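The structure appears right after this line, and notes come after that.
The values are calculated or read from the model by the stated rules, or taken from the named source; none is laboratory data. Since the model is a prediction, treat every value here as computed from it, not as a measurement. Glycine gets a Cβ as well: all are built from the backbone with ideal geometry, and neighbour counts include every protein chain shown.
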Amino acid sequence: MDLNENVLKHDVGGFFSGLRKMLPKRGDTNVDEKRSDHQGNGVVRLGAIHTEAKNVFPRCFVGARMTIVREILDRVKVLQEYSYGKPKEPHRFFTNLLQKEVEKGKNEEGLLIDSSGSATATYAEKIADDYELRVTSKIRDIVSSETDITIERRTYKSISSLTYSMRNVDPSSLNLITQWMYGVLPQFAIGIEMRLQPLVSPGPPTPDMSLSARYDSPHFILSSTVGKSGYEVCFFKQFSPKIRLATILHDRSRDVGTTVGIGVQKVYPDGSESKIFIDSQRCGGLTYQKKIYVENDAGNKYVCVVASAVIDRNKRIQFGFGFDLDL
C-alpha cells in the first residue's frame with residue numbers, strides 16, 4: 001500500500017466523519033415526528049399519491065442475496081449487500097411517472113454507508129411553522145455525487161415543495177422540480193408537478209409537466225397521473241387489517257404499451273407477509289417474508305427470511321432466496 005492510497009483513505013474517512021457530525025442528535029432534531037406523507041385531512045404529498053397501491057405489489061428477485069444493516073452510531077448505518085445470480089428485479093411492469101415519487105423506506109434521516117463506499121446523508125429540519133427543509137446528499141465511488149435540496153410548505157388544504165437537484169456539481173445538470181397538492185374536497189385532491197432544466201443546452205429549456213388526482217373513500221383509494229410520457233391509474237382497497245388488494249393500469253409510450261396488473265398482500269398472525277401479482281403481459285410473481293425477532297441490549301433486532309418466484313413472458317419460472325439482517 002503506497003502513500004497516496006493511505007492519504008486517500010484518510011481523506012475519505014475524514015469526509016464521512018464530517019458528514020456524521022453535521023447530523024443532529026436524535027433528541028436535538030427540530031423536525032416534528034408526526035409530519036409524514038399524509039396531512040391528516042385527506043391531502044398527501046404528491047410524491048406519495050400512489051404509495052398504498054404500489055406497496056401491495058411484490059419486489060421479485062432472482063438468485064440468492066443477503067442484506068446486512070448495522071447501526072454503528074446514532075443514526076449512522078452501514079449497509080452490506082451480497083448477491084448470487086441476478087441482483088436486480090427481473091420484472092416490474094410499472095415505472096414511476098412522477099419525477100420525485102416517494103418509495104417506502106427511502107426517506108429516513110441519517111447517514112447510510114454501503115459496502116461499495118457510497119454514502120447517503122439525509123437531514124430535515126422545520127424552519128418555520130409551515131416550512132420544512134430537507135437535504136439529501138449521495139456520493140458514489142468518491143467521484144460521483146448527487147445533491148437534493150427541498151423546501152416544503154404545508155397548509156391545512158395543500159402541500160407544496162420546490163426541489164433543487166444537481167449531479168457531480170455540474171450546473172448543466174441542475175433540475176428544478178416543483179410539486180403542489182391541493183385538497184378540493186375532504187376526500188378529493190388534485191396535484192401538479194413541473195420539472196425544468198434551466199441550464200440545459202442546446203436550445204431553450206422546456207418544462208415537463210404532469211397532472212394528478214386522488215380520491216380517498218372510506219372503502220378504497222383511487223389515484224391517477226397523466227404526463228408527457230404516459231399515464232397510470234391506481235386502485236387500492238383494504239378488505240381487512242390483514243388483506244389488501246391493488247390494481248394498476250399503466251401506459252408509457254417508451255415501453256410495451258398499456259398494461260394492467262393486480263396485486264394482493266396478506267399479513268399472517270405470526271407477522272409473516274406474502275405478496276402476489278399477475279399482469280396482462282402474462283407475467284406473475286410472489287414474495288414471502290418472515291421476520292424472526294431477537295431481543296438484545298441494543299433493542300429489538302430481527303432476521304428477515306425472504307423467498308421469491310417470478311414467471312416471465314417466456315413462461316419461465318425463476319426463484320430467489322435471501323436474508324435481511326438488522327444488526
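Scanning the range 116-133 for residues that are crowded, with 17+ Cβ neighbours inside 10 Å and touching a residue at least 24 places away in the same chain (Cβ under 8 Å) gives Ala119, Ala121, Tyr123, Ala124, Glu132.
Filtering the range 212-266 down to residues that are among the basic types (Lys, Arg) and modelled with pLDDT of 95 or more, which residue is farthest from Asp279 (Cα to Cα)? Explain how you work it out, then say what you get.
Taking the range 212-266 as the starting set, the residues that turn out to be among the basic types (Lys, Arg) are 214, 228, 237, 242, 244, 252, 254, 266.
Checking the rest, the ones that are also modelled with pLDDT of 95 or more come to 214, 237, 244, 266.
Details: Arg214: 23, Lys237: 18, Arg244: 17, Lys266: 18 Å.
Here the answer is Arg214.
For (1) more than 25 Å from Thr155 (Cβ to Cβ); (2) touching a residue at least 12 places away in the same chain (Cβ under 8 Å), each residue gets a yes or a no:
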{"residue": "Ile190", "(1), (2)": "no, yes"}
{"residue": "Leu196", "(1), (2)": "no, yes"}
{"residue": "Gly203", "(1), (2)": "yes, no"}
{"residue": "Ala213", "(1), (2)": "no, yes"}
{"residue": "Leu222", "(1), (2)": "no, yes"}
{"residue": "Cys234", "(1), (2)": "yes, yes"}
{"residue": "Lys237", "(1), (2)": "yes, yes"}
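Name the residues in the range 133-144 that are of a type in the set (S, T, N, Q) and farther than 18 Å from Gly110 by Cβ, would you? Talk me through it step by step, then tell me what you get.
The first filter runs over the range 133-144 and keeps only residues of a type in the set (S, T, N, Q), leaving 136-137, 144.
Answer for the range 133-144, where residues must be of a type in the set (S, T, N, Q) and farther than 18 Å from Gly110 by Cβ: just Ser144.
For the residues Ile159, Ile149, the requirement of being touching a helix residue (DSSP H, G or I) at 6+ places or on another chain (Cβ under 9 Å) and among the β-branched types (Val, Ile, Thr) singles out Ile159.
Return yes when Ser161 is part of a strand (DSSP E or B) and among the small types (Gly, Ala, Ser) and no when it is not.
Numbers: part of a strand (DSSP E or B): yes; among the small types (Gly, Ala, Ser): yes.
Answer is yes for this residue.
Go through the range 96-122 and count every residue that is in a loop (DSSP other than H, G, I, E, B) and modelled with pLDDT of 80 or more. Steps first, answer last, please.
Initially, the range 96-122 is screened for residues in a loop (DSSP other than H, G, I, E, B), giving 96-109, 115-118.
Next cut, modelled with pLDDT of 80 or more only: 96-101, 118.
Number satisfying all stated conditions: 7.
Criterion first (buried (at least 17 other Cβ atoms within 10 Å of the Cβ), in contact with a Phe, Trp or Tyr (Cβ under 6 Å, 6 or more places away or on another chain) and part of a strand (DSSP E or B)) does Thr287 satisfy it? So Thr287 fails the test.
Give the range 263-284 a look and list any residue that's part of a strand (DSSP E or B) and not β-branched (Val, Ile, Thr), or say none. Working first, answer last.
First pass over the range 263-284, keeping only residues part of a strand (DSSP E or B): 263-267, 273-279, 284.
Once the filter is applied, which keeps residues that are part of a strand (DSSP E or B) and not β-branched (Val, Ile, Thr), the range 263-284 yields Gly263, Gln265, Lys266, Glu273, Ser274, Lys275, Phe277, Asp279, Gly284.
Of all the numbered requirements in (1) in a strand (DSSP E or B); (2) in contact with a Leu (Cβ under 6 Å, 6 or more places away or on another chain); (3) surrounded by fewer than 16 Cβ atoms within 10 Å (Cβ to Cβ); (4) not basic (Lys, Arg), Ser172 misses one, and that requirement is (1).
Checked against the criterion of being on the phi < 0 side of the Ramachandran plot and in contact with a Leu (Cβ under 7 Å, 6 or more places away or on another chain), the candidates Val226, Val200 yield just one match: Val226.
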